[in-house]
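Peer 1: First, the structure itself, so that you have it in front of you.
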Amino acid sequence: MIAIYRDIDSVATEVCVVSAKQAYHKTAIMGADEVQISVTVDSALDVKEGDYIILDGVNYTLNRDAECTIASDVNLTYDMVFEHPLYTLLNKLYSYRMTKSTNFTLTGKLFDFVEMVVWNLNKSESNILGVDTGWSIGALEDTEYKNIQFVDVNCKEALDILAEEFEVEYRFENKKIYFEERVERVTEYVFEQGREKGLYQITQQNVDKEDTVTRLYVRGGNKNILSEYADDDGYLMLPENYLENFSDHSQIVERKVRFEDEYPKFLGEVATVSGTNNEIITCPEIDFDIQQLAIGDNARINFLNGDLTGVSFQFQWDYSEKKITLLSQEDETVPVNSEGVRPSIPSALRKPRVGDNFNFTGILMPQSYIQASIDRLRTKGQKRLNFFSKKRVKYSVDIDHRFLRGKPELKVGDLVVLLVSQAGLLDTIRITELERNLRTGAVEAT
């Protein structure tokens, strides 16, 4: 049986109990996590939007009224969907913390973007428009900085964008958000057909409609590079032009990929600040003369975090002291006043601080930086090719739930071994979707 609760005067109060016979917990990697319950009763149930059940210590909430079919006065069928807290992300638009705009471009690491998702969700003094409480950040992959545009997306869509941009996957533990290179967990499960071997039926399908890729032309960004290292369009290229992998497929299938954020760059950190609004900064680690490498008047310093996140400045440069003086400019993030002007930055409110990170654009980086960027570009391209050069198939399997008794519960992301002698299959695969009957434990997996 499954108890349904309602918070009455801030106290969890049981309002009814229903059968678990037709209750299914459905989960998917970066997708659904909900409990679907269908129950037939002889009198009306006291259930309404906002009620919840508790599964594995997590509140699954009825976010829409139950659907009800009335066959007679003593035959009523209710269909209810109780949703994981992650569905709260669908309710909140992803907005920029400083301007509250939902159409913005931001430069940051994965942590910076996820931190803003959490800020958007949680009600607080700085965000009275929050829709929930208790959201936090779990372990995240450490990433490079990326410049990403968001246009009127909700917080769940924002996570999907981040997963694609940083080539990672996310998961939730109640209201804590985690990002990993790949959501997976090694298990000791081996499933095969046969008596007491765990597998009833297996169906194999191709995942990709397009061909497997075996030759990949890899390109980077178009900043800070000499023409001799770029293709005809000005984008960083590998000396070998392309990468190949024929381990799974002998046919030549070409594709092109571009990593816009990969270009020769120096990542600096503000060591000291001075001036009225900290407009003078130093960074002893700068090991090249910007003035000699600048492309005309195009040299810019770009702040990657802190008060000036996403802002680019013209500047003056003193190589002997590794000193940069920012040139004052209008603050484009602030609306114009009654006289049609904006305040200037740096200002008392928005200024560089010790520890802020930055990079440069509009300069031709030294050879060592170019080579380092080419090496990173090759690594990124090889990772992409290793994935798309494999033949990817999907297996839908019907698992004997009796085989699972007394064993660890299966979860999405689990790595299990499938052994199907008729098809010559012996492989470790990842569970991407699960459906479990909460009464019998019967499992269907993809």
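The values are calculated or read from the model by the stated rules, or taken from the named source; none is laboratory data. All values reported here derive from a predicted model rather than from experimental measurement. We place every Cβ from the backbone using ideal geometry, glycine too, and count neighbours over all the protein chains shown. Surface accessibility is based on the protein's heavy atoms, side chains included, excluding ligands, DNA and RNA. Shrake-Rupley method; radii C 1.70, N 1.55, O 1.52, S 1.80 Å.
Peer 1: In the range 272-300, which residues are touching a Gly at 6+ places or on another chain (Cβ under 9 Å) and over 18 Å from GLN314 (Cβ atoms)?
Peer 2: GLU285
Peer 1: Would you check which residues across the range 131-163 are small (Gly, Ala, Ser) and either open to solvent by less than 10 Å² (accessible area, probe 1.4 Å) or under 12 Å from PHE113 (Cα atoms) (or both) and list them?
Peer 2: ALA158, ALA163
Peer 1: Still on this model: Please verify whether SER136 is over 23 Å from GLU165 (Cα atoms) and of a type in the set (Ser, Thr, Tyr), treating the condition exactly as stated.
Peer 2: In short, no.
Peer 1: Out of GLY362, GLY413, I need the residue that is over 30 Å from THR325 (Cβ atoms) and among the small types (Gly, Ala, Ser). Which one?
Peer 2: GLY413
Peer 1: Here is a follow-up. May I ask you to say which residue of PHE179, PHE191 is in contact with a strand residue (DSSP E or B) (Cβ under 8 Å, 6 or more places away or on another chain), of a type outside the set (Gly, Ala, Ser), over 30 Å from LEU419 (Cβ atoms) and in a strand (DSSP E or B)?
Peer 2: Criteria check complete, one pass: PHE179.
Peer 1: Quick one: which residue in GLU254, GLU228 is under 17 Å from GLN367 (Cα atoms) and either of a type in the set (A, V, I, L, M, F, W, C) or surrounded by fewer than 16 Cβ atoms within 10 Å (Cβ to Cβ) (or both)?
Peer 2: Going through GLU254, GLU228 in turn, just one is under 17 Å from GLN367 (Cα atoms) and either of a type in the set (A, V, I, L, M, F, W, C) or surrounded by fewer than 16 Cβ atoms within 10 Å (Cβ to Cβ) (or both): GLU228.
Peer 1: Considering only residues of the range 335-373 that are in a loop (DSSP other than H, G, I, E, B) and without any contact (Cβ under 8 Å) to a residue 12 or more places away in the chain, which is most open to solvent (accessible area, probe 1.4 Å)?
Peer 2: GLU339
Peer 1: Restricting the range 27-47 to residues that are open to solvent by 60 Å² or more (accessible area, probe 1.4 Å) and charged (D, E, K, R), which is nearest to MET80 (Cα to Cα)?
Peer 2: Within the range 27-47, the match that is nearest to MET80 (Cα to Cα) is ASP46.
Peer 1: Find the residue count for the range 264-298, including only residues that are within 28 Å of GLU228 (Cβ to Cβ), open to solvent by 20 Å² or more (accessible area, probe 1.4 Å) and either assigned to a strand (DSSP E or B) or among the hydrophobic types (A, V, I, L, M, F, W, C) (or both).
Peer 2: Result for the range 264-298: 4.
Peer 1: While we're on this one: At least 3 residues that are open to solvent by 40 Å² or more (accessible area, probe 1.4 Å) and at pLDDT below 95 in each: list the strands (runs of 3 or more DSSP E) lying fully within the range 48-109 that qualify.
Peer 2: 67-72
Peer 1: Something else now. Every residue in the range 401-426 that is open to solvent by 20 Å² or more (accessible area, probe 1.4 Å) and touching a Phe, Trp or Tyr at 6+ places or on another chain (Cβ under 9 Å), please.
Peer 2: PHE403, LEU404, LYS407, PRO408, LEU415, VAL417, LEU419, LEU425, listed by residue number.
Peer 1: Would you check which residues across the range 158-167 are assigned to a helix (DSSP H, G or I) and farther than 18 Å from LYS100 by Cβ and list them?
Peer 2: LEU159, ASP160, ILE161, LEU162, ALA163, GLU164, GLU165, PHE166
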